[in-house]
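The block underneath contains the structure these notes are about, expressed in structure tokens.
The values are calculated or read from the model by the stated rules, or taken from the named source; none is laboratory data. Keep in mind it's a predicted model, so treat the numbers as computed, not measured. No Cβ is skipped: glycine too gets one built from the backbone with ideal geometry, and neighbour counts run over all protein chains shown. For accessibility, only protein heavy atoms count, side chains too; no ligands or nucleic acids. Shrake-Rupley method; radii C 1.70, N 1.55, O 1.52, S 1.80 Å.
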Amino acid sequence: MQGLMQEWPLVCHKIIDYAAAIHGARPVVSRSVEGPIRTTTYADIARRARQVAKRLERDGIRLGDRVATLAWNTERHLEVWYGLLGLGAIYHTVNPRLFREQIAWLINDAEDQIVFVDLTFVPILEAIAGELSTVERVVVLTDAAHMPETALPNAVAYEDWIAEVDADFRWADFDEGTAAGLCYTSGTTGHPKGVLYSHRSNMLHAMTVSGVDMMNIGCQDMVMPVVPMFHANGWGLPFAAPLNGSALVMPGPKMDGASIYEMLTRYGVTVTAAVPTVWLMLLAHLDEHGGALPDLRRVVIGGSACPRAITEAFQERYGVHVCHAWGMTEMSPLGTVCTVRPELGHLSEEETLRLQEKQGYPALTVEMKVTDDEGRDLPWDGTTFGRLKVRGPAVAREYYKGAGGEILDADGFFDTGDVATIDPYGYMEITDRSKDVIKSGGEWISSIELENVAVGHPDVAEAAVIGVGHPTWGERPLLIVVAKHGHAPDKAEIIDYMRDKVAKFWLPDDVVLVEEIPHTATGKIKKTALREQFGDYELPAEAARPVTL
Ligand code: AMP
């Protein structure tokens, strides 16, 4: 027997309609690419999204068509998103930090028909325009006064383009399984693969991540997604904020410490989210110039492991609660959030900080397991590590156009490529990417854990660890370090500092000081580049080595 409740498809444009109807006056503040800070509201965004949809339809865009955005987090980007969603077209957020050839490849693979581009990225598009086989029009996200001279196909200024129609547009009808958005994985090996979100998966993900024990946002909040919309759906915040009536602060093109601090304090941001690199920049700015974060109550940190030093600085110096989170493009993206549960309320401050190094536990919609290489389940004991696999309604079941073939195991679980432990409470901790873990004498060494410990040293700004070949042990860890501005760390002293914090055989065999550590387009340490650079590194001879195994 079926239930007798109404059919109400979980389609994403309902979110902006709801925000306009119930929280219509709530502000959306954006640092514009042109410079000034603009303030608009959910009611304005919903109205202009309908204009976008109506104007897109006039340009021939229909249900299922792909449209690219190369854009920062601004209100215009949001309008375009929701306009596309209400038309049943698919937003394809392209990461502008990728190499130009990759951007061209992505746009061709997606078969995008229109590209919405911020002024910043017009030169990128101009450089690859000749290679784009499906793009018929480029809409530059600006007004006539700022529109550059360009030979891009059918180029038009967004404000002119949108002004040609009114907002009298009825959203298209389609079911909730319809594709909504396309985002490619970073593709460190081979071509990136497309993850095709549905309206239903985005909606369920947005409802889940809003929860009190997840992002914890409501209508009292001023939410600033520093994480870009082109990075895995902006962690769901462009959906979750309007869904909860939270006001939004969009940082636009400026993500340096001073600019982020300005937005946080000037607009009373209460919840924000970004990768650790952004927070290192903010904390460095605060160290140098002083300052306080009186309104900020929660900072969500993920994308790579959040070092304990960041958690301590936010919590102890600024009274801001850190919420460590883990996820991936294939998961919409949030998988786990580290919230302290009542059964762990007795932990000391020190033990709580240790707990917060874990990536946390999942919500209802993410099922997890760890297995060995043969697919056998491993115990949830907090120490046995294995392949982390996930299943749920906002997890990919296959890649766009079938790239990569079958990606689920017999039980429908997706292998995340991460190596992790799960403790008896269900808290997961990432040990490493499976390809980054250092295999030494039959044991595994976590590069992430070594990096986290190393950045706790007062002279170290950033640290990366890779495995380099060793005749006896197979691989040994090499620590690569960027010094804090004006500091000159001593290699042996760094190792000494780490000595009582990790197992003895984990201690790096050597330390290299570099000016800069390379990052991927999503702000993660680019281990492939480091392995290329230091793959043949000669570790010091046994006697000279700082560690004796
Ligand atoms: P992406 O799809 O670009 O978001 O990358 C996803 C990958 O980033 C995950 O599979 C992890 O390897 C890594 N990652 C994300 N969040 C964390 C975290 N909190 N700690 C450690 N690694 C993380």
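Could we say that LEU513 is open to solvent by 30 Å² or more (accessible area, probe 1.4 Å) and over 30 Å from PRO228 (Cα atoms) here?
Taking the combined requirement at face value, the residue satisfies it.
In the set THR150, THR185, THR208, which member is in contact (Cβ under 8 Å) with a residue 24 or more places away in the chain, more than 22 Å from GLU79 (Cα to Cα) and surrounded by fewer than 19 Cβ atoms within 10 Å (Cβ to Cβ)?
Just a single option satisfies the conditions, and that option is THR150.
Suppose the filter is outside any helix (DSSP H, G or I) and either away from the ligand (no atom under 16 Å from the Cβ) or touching a strand residue (DSSP E or B) at 6+ places or on another chain (Cβ under 6 Å) (or both); does GLY234 pass it?
It is false that GLY234 is outside any helix (DSSP H, G or I) and either away from the ligand (no atom under 16 Å from the Cβ) or touching a strand residue (DSSP E or B) at 6+ places or on another chain (Cβ under 6 Å) (or both).
Assuming TYR184 fulfils every condition listed in (1) more than 16 Å from the ligand (Cβ to nearest atom); (2) touching a Pro at 6+ places or on another chain (Cβ under 8 Å) apart from one, which condition is it?
(1)
For GLU532, indicate whether it is surrounded by fewer than 20 Cβ atoms within 10 Å (Cβ to Cβ) and at negative phi.
The answer is yes for GLU532.
I'm checking my understanding of the structure. Among residues of region 294-304 that are touching a Ser or Thr at 6+ places or on another chain (Cβ under 7 Å) and either modelled with pLDDT under 95 or farther than 22 Å from GLU357 by Cα (or both), which one is surrounded by the most Cβ atoms within 10 Å (Cβ to Cβ)?
GLY303
Give the number of residues within region 289-315 that are over 12 Å from the mean Cα position of the chain (by Cα), more than 9 Å from the ligand (Cβ to nearest atom) and either in contact (Cβ under 8 Å) with a residue 60 or more places away in the chain or under 22 Å from ASN452 (Cα atoms) (or both).
Result for region 289-315: 12.
Give the number of residues within region 429-443 that are surrounded by 19 or more Cβ atoms within 10 Å (Cβ to Cβ), in contact (Cβ under 8 Å) with a residue 40 or more places away in the chain and away from the ligand (no atom under 15 Å from the Cβ).
Number satisfying all stated conditions: 1.
Could you please find all residues in region 390-408 being touching a residue at least 24 places away in the same chain (Cβ under 8 Å) and open to solvent by 50 Å² or more (accessible area, probe 1.4 Å)?
ARG391, PRO393, LYS401, GLY404
Just give me the residues in region 350-389 being open to solvent by less than 20 Å² (accessible area, probe 1.4 Å) and in a loop (DSSP other than H, G, I, E, B), in sequence order.
GLN359, VAL366
For LEU248, only one of the following conditions fails: (1) within 15 Å of the ligand (Cβ to nearest atom); (2) part of a strand (DSSP E or B); (3) touching a residue at least 60 places away in the same chain (Cβ under 8 Å). What is its number?
(1)
With respect to the numbered conditions (1) crowded, with 18+ Cβ neighbours inside 10 Å; (2) out of contact with any Pro (no Cβ under 6 Å at 6 or more places or on another chain), which one is the sole condition not fulfilled by ALA232?
For ALA232, the failing item is (2).
Any residue in region 418-428 that is within 15 Å of the ligand (Cβ to nearest atom) and within 22 Å of LYS193 (Cα to Cα)?
The answer is yes, given that some residue of region 418-428 is within 15 Å of the ligand (Cβ to nearest atom) and within 22 Å of LYS193 (Cα to Cα).
Going by the conditions given, is GLY469 free of Cβ contacts under 8 Å to residues at least 12 places away in the same chain and not hydroxyl-bearing (Ser, Thr, Tyr)?
When the stated conditions are applied, GLY469 does not pass them.
Every residue in region 316-349 that is in a strand (DSSP E or B) and within 9 Å of the ligand (Cβ to nearest atom), please.
Once the filter is applied, which keeps residues that are in a strand (DSSP E or B) and within 9 Å of the ligand (Cβ to nearest atom), region 316-349 yields HIS324, ALA325, TRP326, GLY327, GLY335, THR336.
I'd like the full set of residues that are in contact (Cβ under 8 Å) with a residue 40 or more places away in the chain and within 21 Å of GLY486 (Cα to Cα), limited to region 266-288.
Within region 266-288, THR277, VAL278, LEU280, ALA284 qualify.
Mind telling me which of the residues ILE260, ILE310 ends up being under 30 Å from GLY417 (Cα atoms) and of a type in the set (Val, Ile, Thr)?
ILE310
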